[in-house]
Amino acid sequence: MSSTQISKVSGPSTASDGAAGGVAAAKAVLGDTSGTVGLQQQLTAFHALSNRWAGAGHDERVGLTWALNESPFAKTVQSALNTFTRTAWAGTDAVPPEPQIRMKAAFEGLSETDQTIVASLNVGMPRAAPASVEDYRASLQKAVEAVQPAARGQDTVTLSPEAQAILAGDAAPSPPDAAPTPAATPDLAAALTAYGKAAG
């Protein structure tokens with residue numbers, strides 16, 4: 001299938017034979033099980049039909065449902081997204097930069113095919129255009145770097161009550177502890193005892 005055929009799919013919805021042929025060709029690409037159709041060609045067809053869906057009426061959407069949800073390639077896309085999002089999930093209590101770091105690590109752990117799919121769909125990124133693996137990886141790294149200064153700024157230092165009182169001006173610093181008194185020898189102990197009795 002030529003790129004011209006696929007490009008027709010993403011245009012305005014018409015009843016022309018060219019548009020119908022483009023949709024049919026894209027569906028055939030997504031339904032291919034022979035392994036002869038390349039990943040980029042399948043992604044192009046998938047994006048074309050997704051764009052077509054956005055402006056299609058109810059009847060046409062019914063015709064696109066199988067290609068975008070049930071076709072072999074649609075299943076491949078769903079598997080890649082499920083693997084990525086499940087691994088990238090940091091939990092509801094996670095705070096930056098943990099979610100961003102985990103998302104990047106999850107992406108790096110994907111297969112080459114899944115990386116290409118996730119990047120092409122630009123998962124989690126505020127842009128609609130497909131991205132290359134390199135561009136998507138760079139976006140993930142930027143997301144990590146963008147939140148790291150904020151995360152460092154959240155570090156806190158816990159002060160003891162005495163230190164807090166000193167900072168508040170409520171107490172003066174305590175003098176250094178006196179050196180410990182050496183243990184008395186038996187002779188010194190006896191002398192101290194005798195002194196105590198004499199003084200009493």
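Per the listing T87, T113, T65, T83, the residue uniquely part of a helix (DSSP H, G or I), out of contact with any Pro (no Cβ under 7 Å at 6 or more places or on another chain), hydroxyl-bearing (S, T, Y) and closer than 23 Å to A24 by Cβ is T65. Say whether the condition of being assigned to a helix (DSSP H, G or I), small (G, A, S) and at pLDDT 65 or above is met by at least one residue in region 149-167. No, because not a single residue in region 149-167 is assigned to a helix (DSSP H, G or I), small (G, A, S) and at pLDDT 65 or above.
Could you check region 123-147 and list, in sequence order, the residues that are in a loop (DSSP other than H, G, I, E, B) and either surrounded by fewer than 17 Cβ atoms within 10 Å (Cβ to Cβ) or of a type outside the set (G, A, S) (or both)? Matches in region 123-147: V123, M125, P126, R127, A128, A129, P130, S132. The sole residue among T76, T85 that is at pLDDT 95 or above and more than 19 Å from L39 (Cα to Cα) is T85. Residues of region 92-102 include at least one that is surrounded by fewer than 19 Cβ atoms within 10 Å (Cβ to Cβ), modelled with pLDDT under 95 and either of a type in the set (S, T, Y) or under 20 Å from V29 (Cβ atoms) (or both).
If the condition is being under 24 Å from Q115 (Cα atoms), touching a residue at least 40 places away in the same chain (Cβ under 8 Å) and buried (at least 16 other Cβ atoms within 10 Å of the Cβ), then region 52-91 contributes A67, S71, F73, A74, T76, V77. Could you figure out which of (1) part of a loop (DSSP other than H, G, I, E, B); (2) in contact (Cβ under 8 Å) with a residue 40 or more places away in the chain; (3) touching a Pro at 6+ places or on another chain (Cβ under 7 Å) isn't true of S120? That leaves (1) as the condition not met.
The values are calculated or read from the model by the stated rules, or taken from the named source; none is laboratory data. Only a predicted model underlies this, so the values are computations on that prediction, with no experimental measurement involved. Counting neighbours? That spans all protein chains shown, and the Cβs are built from the backbone with ideal geometry, glycine included.
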